[in-house]
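Data first, discussion second: the structure below is written as structure tokens.
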Amino acid sequence: MAARTTDVRLADDAAGLRMPGFIGRDNELATLIRVLDEPAVVLVEGEAGIGKSRLVQEFLASGPGAQRVLVGVCPPFRESLTLGPIVDAVRQARDSLAGLELNALAGALRPLFPEWATELPPPPDPLADPTAAQHRLYRALAELISRLGVTVLVVEDVHWADVATLEFVLFLVSRQPSPVSLVVTYRPEDVSPESLLLRLSSRLPGTTTQARISLQPLDVDGTARLASSMLGGQLVSTTFARFLHKHTDGVPLAVEESMRLLRDRADLVRRDGEWSRRGAGTLGVPPAVRDAVLERVQRLCSPALRVLQACAVLGQAVHATVAVTVAGLNDADGLVGLEEAVGCGLLREDADAQVSFRHILSRLAVYESIPAVERQRLHRCAGEALEKLDPQPVLQLTRHFRAGGDSERWAHYAEQAAELAVASNDRGTAARLLNGVLTDADLPRQIRLRLARKLAHAAIFRREIVDELHRQAVSTLRAILDSEQLTPAEDAELRSPLGRLLAGSGDFDGARVELEKAIPHLEHHPAEAARAMSILGFAFIGTRPASVALRWLQRAAEIDTTRLAPAERIALTVDRAAGLLQLGEESGWAVAGQIPT
């Protein structure tokens, strides 16, 4: 008895998904803890979703000794409240200022903390010099933080910080001796060249300890362990781990959200003690990842957005000039768009000026945000730009003209791509391309017939005998035979390979009917007629007397095959010998003797 494998869906599993574990960041956490034993400045950098905030959370959870930590977060607002992250952090740390021995300077804080006005000293006299007033405010805020006993100030997402917050942070760390350690997290790709944040790493006092922690994506093993942690430590299959890594590029947030999306779709299943996915094909963009990407896109200039949309439609690395052409930009705007799209970290550029998205999910998020009509237009533009390349990327041209709604050029390049696939013995790809065109494209009758004949040939000689692609080919050929007004010869040219496909799938009675209909109209195609007769000569084709099968084999032998290619003649000889021997005919050995060594 064959062992039966039972799939257990996550929806049926009592454990469900858990919060992801802290995976692949032990060294970074150890560095953070060690450096902050004394006053220091730590820069934690990495792309969106890479785990900067999680690293800070794990540091806080580790119980950082006698240190008192104040955490501020910079919100992604176009216009941020002055010193908002620091002010909010102080408010969360203290309900009241009672008991703090604040000097008169603290009165400058009344505009920032109106709710504590009765607990703060009177406001100081106004200053005519704005710079002096600002310096007084920074001194007062630093004094308040010192009175609160704060030893570590964490400011997250500093790439969104307002100028005043950045200036205060620089003011704080430049004081000697440094009263507080500083940890800032940020996305390097979102930091402008003019940002004051760059001074944190370039103009610190020589006595200040500095560390830079750059978080990188997880590898396949790390991705597997992260997914496993969400499943209570249960194993995930190697194939599933590789799929997740390819789909998410090892970005922890993308891995987590992809796992939740698979859970929501009931596509997580457990087989033989390992978790895997039930479905196939692409997964789609998890909402949290999509929103994070589009939030970044919305801040870009119009040329950068158009370059991103062009690259999302192109889907593969292309020369920068191709991306600019598809975006419909002139050289000057194209350069501006490319620089900003690469600078923000969504695109990458190699040494050969080839540009592409850094992550698959980012590309899909941008692609799905493009309105359908505009997306179709961009696909046509992409096809027209790629047509000018030498050699032409026919597979990409097939995809773009299909998505662009250009049936004629879609069929043209699909036929070329299918021919190249057959030449490299990849008949599955050829059949898939041709079946797609014949199913969905509006084509002239003669082109449909030509492609149908090529589809039949590609499907017959695939290694996989019966699968979904095989069934699709049979369905497509039947549909053409039923819908087109064909001549007897045209009908036979499709019906004969259809019969051979049915024979390959085990539908022997169906194969016999189709082949017998086709043979009388194949006088112009002796090789195909001989093939059909040879198959009807096999003992297992339909229910009929052996004498009928023998007559078909005799008829196949009478066809003149001298003009056929050697490979076709050998194949017919093999079929006839096999057919005769299946029927118990001794003459089959003589025919088999004609097969070349």
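The values are calculated or read from the model by the stated rules, or taken from the named source; none is laboratory data. Given the structure is predicted, the values throughout are model-derived calculations rather than measurements. Neighbour counts are summed over all protein chains in view; Cβ atoms, including those assigned to glycine, are modelled from backbone coordinates with ideal geometry. Surface areas here come from the heavy atoms of the whole protein model, side chains and all, with no ligands, DNA or RNA. Shrake-Rupley method; radii C 1.70, N 1.55, O 1.52, S 1.80 Å.
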Apportionment of accessible area to carbon and sulfur, segment 487-589, percent (1.4 Å): 56
Rounded FRET efficiency, nearest 0.05, which uses the C-beta distance separating GLN554 from ASP219 and R0 of 60 Å: 0.40
Probe 1.4 Å, protein heavy atoms only - accessible area per residue of segment 287-353 in square angstrom: 45
Carbon/sulfur fraction of accessible area - segment 317-378, other protein chains in place, 1.4 Å, %: 52
Potential extension, PHE508-ARG199 segment - 0.36 nm per residue separation minus Cα distance: 103.4 nm
Shape category assigned to segment 173-325 from the gyration tensor of Cα positions, a/c cut at 1.5: oblate
Helix axis angle, 372-386 relative to the chain longest principal axis, alpha carbon, degrees: 70
Per residue value of the accessible surface for segment 10-157 (all protein chains in place, 1.4 Å probe), Å²: 50
Helix axis angle, 238-248 relative to the chain longest principal axis, alpha carbon, degrees: 60
Angle in degrees between helix 220-230 and the longest Cα principal axis of the chain, rounded to the nearest 10: 70
Accessible surface, segment 373-462, averaged per residue in Å² (probe 1.4 Å): 48
Extended-chain gain in nm, criterion 0.36 nm per residue less alpha-carbon gap, GLU387 and ARG242: 48.8 nm
